[in-house]
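Participant: Questions regarding the structure given below will be posed in turn.
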Amino acid sequence: MNPFNTRATFLRTAVVAALLIAVPAFAAEWPRSDLPPDPTVTFGTLPNGMRYAIRHNATPSGEVSVRFRIAAGALQEAPQQRGLAHFLEHMAFRGSAKVKDGEYSRMLERIGLRFGSDTNASTGQEETIYQFDLPRSDDASVDTAFTLSREIAGNLTIAADAAKAESGVVGSELRLRDVPSFQSGLVRLEFLLQDKRAAQLPHGDAAVIAKGSVDDLRAYYHAYYRPERATLVVVGDIDVKKIEAKIRQTFSDWKGVGPAIADPALNIPRNRGLEVKTFTGKGVSNTVSLTWMQAPKKMPSTQVTEREQLVEMIALRVLNRRYQEESLTPERPFTRAGVSTGQSYDAVRMTSLTVGYQPGHWKTALITAEKMRLAILETSASQAELDRALVEFRAGIEQRAETVATRPSRAIVGSILQALEDNEVYTSDTRDLAAYDGYVRTLTLDEVNKALRAAFVGGGPLIFASGEEAFEGGDAAVQAAFVEAQKADRGVVAAQTVKPWPYTDFGTPGTVAATRTVADLDATYVRFANGVRLTVKPTKFRANQIEVQVKVGSGRLELPRDRINPTWAGGTVISGGLKQLTQTEISRTLAGRQVGTGFGVGEDGFLFSGATIPRDLQLQMEVMAAYVREPAFRPDSFERARTAYLERLRNAGTSPGAVMGLAMPEILHDGDKRWASAGMAEVEAARIEDLRDLLMPVLANGPIDVTIVGDVTLQQAIDVTARTFGAFAPRTGARIATSAANTTRFPAGAKETTRLVTTDQKGQEIAVVVWPTQGRFPDLKASITLQILGTVVNDRLFDRLRGMGTVYSAQVGATSSKVFDYGYVQALAQLTPAANAVFHEELAKIVSDLQAGNLTEDQLTRAREPALEALRKARETNDYWVSVLDDTEYNPAKLELARQYEPILRSLTAADIVAAAKKYLTDAKAIRVSVGPPAS
């Protein structure tokens, strides 16, 4: 069951009954029970068995999200087909009866879709899903998506030459994902299931993929791509009746080829006792999990079983809150802990306790977490804990119900698919809220405690312990620790006290000194007498959503350039709590309220950001003002940040991407330490005082700029700001301007390649070429031209390398700073070390070809249309306007980004792109980086 779209699921960690069980992964009808389906969704089934769901939704306006789902994945693969479900997903883009190989993405780009963000596909254990997020709801766009879905359904050519090339791409993806964390997860899955078929993941067998057998691909295709296994979900700004007619017209003639094949029978022992398995290696997560297995709940849920599982979720929330608070104590017995429960294959329910630990401290973590579990089972949860869980749970459901009218189509289509995967009735958010209130009206503490105890009944626990370091004593030591926890004293559970929120009075509300409105953008600038500045833009993009950003000081502009700064521990600003309340106390005090605050370091400011709802806007502003005025910088929160960062550094060598993420910012800024990542020595030597001394002067005296965008009026925004930041004492600090003393630069070009080494992996490498460009302002046209240039090169490189079967991942993009006169175009590919030279050769050919003027109008259109549609979508989000309005009070010319972006984008010509390629993509100015194993 998915009580109100919050049911936890496992990484398809399916466990099935002790005897042979045929898994019902599909059905010809929609799930039905006494739960009412969402009346805004039209559910239907064609005579051939294909199901469909259609819903009108106008957020974003004019768009449509389409998902074509096949109820088959890795589970259905025979031994000689391991990996072919995923391989076939790739082949769906390599030619069909009506769409020749290579034309698929071009068709979609012409109507504004970008491969990856708008068009994609995914393969799981029980399903394969094809995604089309159409920027327009006109007939041509919808017909294109339906035609392509119909081609995927039954008309793929699966040509031998295409399969041979694509086998290299799929193999590259397999190698890319074959990291220690994945290996650990696979071993855990096999340990729990004890059945090879059930433990199959979509990554597949390298030998099967390399072979790329067309016969085996076609056999899988005909067996499982059948109408009775298919579902089409369409949500967007559409006429439902018209879409339904199109579905019938397009898909009614689809018939399966050959006999249908039933899903496999699984043979998994479910009634095992206490068992332990350990797994260690560099880059493996330091985690201990304990899993209990039970008989499955009958699906779909009924009102009775829905309430039962809701009660279980509430009970587990109480326990998880205890774990969360314990992880935040100065003692930190574990880094994290939590319980989740879920059901897979409609055959087993699993409850798992997962515990994270610091290296060398797995025993303390395991014993402490297990003692806490036993303590609550033996002594029960308190009424106060239950009351808090009920408040928090309802707040989430209420928020969804209040925002349903403006929820994005992508989110809705995802929820419908999740219900389908779970074999559940898809219900409405307003119904869910009413059902929740009815279910909990008669809920008792005794009922919750019984549900908590029932969650841990069943076979097991099956204990899987993984980590960077070997477990001294092996499996036996882990089992002994668990047994020790059973005998240990449970300790005393302290009563939870809830303190009142103390930050309500910041002084006399500030007065407005000046106001200025930009009518065409519906934005207003307000300056308070104390110097605090406020920018407000009321919108109706998302009902009940308000985005708030508070910028203090000047960010990287005022950081020292010659030494590494402790900003890697910036999360301590929030996790350290406030002087009058710890983070745990804040969480208790604000339970059920829709507030949240994050902290980050921007190029020209230290940023506090959060999202809230209208009735909690005052509280949101109080929380942010309190963090600016009284952050506590508690040592235990700093130690948590240190532990997490050190783990990241230790494990970086297992992944080229991780090494690149740590090293490239400093390289691209010519050694500027403001962008440098701290190393082991710097992190181990750092002190909480270093961070406090860096930030407190800025927080105490730096200029403050507040931006509020969303479901709010101008006067409401002014009033809440006046009572918080407007009430601060006048600030003495001034905003710092960009100058020669604080600017940054791109490194000088070099023929030599900078080599970054991954010490703990050998199969993958990232090849990178980067060219310097310029900042986003003042030449906005040049910045936009570079964006399209990056897209054109990206499309060609992606097509060239994937067409050769060389890589899975190849990307080109342009980046430009809004603060510094700084930017670059970066091209990269993740590949095998042997293919590095191929990347550089093909990239050089593409650049030379562009500089020679070879760019057609169709190629330009296919780069520009997705950019235009991405812009239109972004304009209907609050996040976009927070970003666009940032700094425009000081630099009004930056508002031209909102006004001129679209007309400039539409005006670009092929000559503009070619000229930019000649000007910027010059070999002499480029730098080259490779990230991978040591050169042999």
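Participant: Starting at the first residue of the range 259-269, write each ³J(HN,Hα) from the Karplus equation 6.51 cos²θ - 1.76 cosθ + 1.60 with θ = phi - 60°, in whole Hz, x for Gly and Pro.
Facilitator: x, 6, 10, 6, 5, x, 7, 10, 10, 10, x
Participant: Sticking with this one: Once you list every other residue whose beta carbon is under 12 Å from the beta carbon of ALA632, what net charge do they have if Lys and Arg are +1 and Asp and Glu are -1?
Facilitator: Its environment carries a net charge of +1.
Participant: Quick check: the distance between the Cα centres of the range 374-412 and the range 668-694, to the nearest angstrom?
Facilitator: Cα centroid of the range 374-412 versus Cα centroid of the range 668-694: 39 Å apart.
Participant: To continue, here is another question. Restricting to the chain, what percent of DSSP beta bridges are antiparallel, rounded to 5?
Facilitator: That works out to approximately 80 percent antiparallel.
Participant: May I pose another question? Hey, got a sec? Which chymotrypsin sites (Phe, Trp or Tyr not before Pro) in the range 114-220 land in a DSSP loop and have at most 14 other Cβ atoms within 10 Å?
Facilitator: Here no chymotrypsin sites (Phe, Trp or Tyr not before Pro) fit, given the DSSP loop and packing criteria.
Participant: Provide the FRET efficiency to the nearest 0.05 for the ARG875-VAL391 pair, computing r from the beta carbons and using R0 = 30 Å.
Facilitator: 0.25
Participant: Just to confirm my numbers, what's the Cα centroid distance between the range 840-882 and the range 577-649 in Å?
Facilitator: Spelled out, the Cα-based centre of one part sits 38 Å from the other.
Participant: Right, another one. Excluding VAL720 itself, calculate the net charge of residues whose Cβ lies under 11 Å from the Cβ of VAL720, where each Lys or Arg counts +1 and each Asp or Glu counts -1.
Facilitator: -2
Participant: Taking the solvent-accessible surface of protein heavy atoms with a 1.4 Å probe, what is the per residue accessible area of the chain in Å²?
Facilitator: 38 Å²
Participant: Turning to a different aspect of this structure: So which GluC sites (Glu not before Pro) in the range 680-754 end up in coil per DSSP with only 12 or fewer other C-beta atoms within 10 Å?
Facilitator: Passing sites in the range 680-754 are GLU752.
Participant: Still on this structure: Counting other Cβ atoms within 10 Å, which GluC sites (Glu not before Pro) in the range 265-352 have at most 15 and lie in a DSSP loop?
Facilitator: GLU331
Participant: Counting only helical runs of four or more DSSP H residues, what would the 222 nm mean residue ellipticity of the chain come to if each run contributes -39,500 (n - 2.57) and the total is spread over all its residues?
Facilitator: Calculated at 222 nm, the ellipticity per residue is -13000 deg cm²/dmol.
Participant: Now for a different question. First compute the accessible area of the chain with a 1.4 Å probe, then give the percent of it belonging to carbon and sulfur atoms.
Facilitator: Here carbon and sulfur together make up 53 percent of the probe-accessible area.
Participant: Once a ≥ b ≥ c are taken as the square roots of the eigenvalues of the Cα gyration tensor of the range 806-936, is the result rounded (a/c under 1.5), prolate (a/b larger than b/c) or oblate (a/b not larger than b/c)?
Facilitator: Here the range 806-936 falls in the prolate category.
Participant: Let me ask you something else. Within 10 Å, count the other beta carbons around each residue, average over each peptide in 244-255, 881-892, 546-557, and list them highest first.
Facilitator: Highest to lowest by the protection proxy: 546-557, 881-892, 244-255.
Participant: Using protein chains only and a probe of 1.4 angstrom, how many square angstrom of SER117 are accessible, to the nearest 10?
Facilitator: Accessible area of SER117: about 60 Å².
Participant: Using 0.36 nm times the number of residues separating ASP562 and THR379, minus their current alpha carbon distance, what extension gain do you get?
Facilitator: Stretched out fully, the ASP562 to THR379 stretch lengthens by 60.2 nm.
Participant: Next up: Cβ under 15 Å from ARG388's Cβ, ARG388 left aside: what net charge do those residues give with Lys, Arg +1 and Asp, Glu -1?
Facilitator: Surrounding charge for ARG388 is +2.
Participant: Moving on to the next point. Computed FRET efficiency, Cβ-Cβ of ALA260 and THR922, R0 51 Å: what is it to the nearest 0.05?
Facilitator: 0.30
The values are calculated or read from the model by the stated rules, or taken from the named source; none is laboratory data. All of these numbers come straight from a predicted model, not from anything done at the bench. Note that each Cβ is placed from the backbone with ideal geometry, even for glycine, and that neighbours are counted across all protein chains shown. Remember, those area values only see protein heavy atoms, side chains included, never the ligands or the DNA or RNA. Shrake-Rupley method; radii C 1.70, N 1.55, O 1.52, S 1.80 Å.
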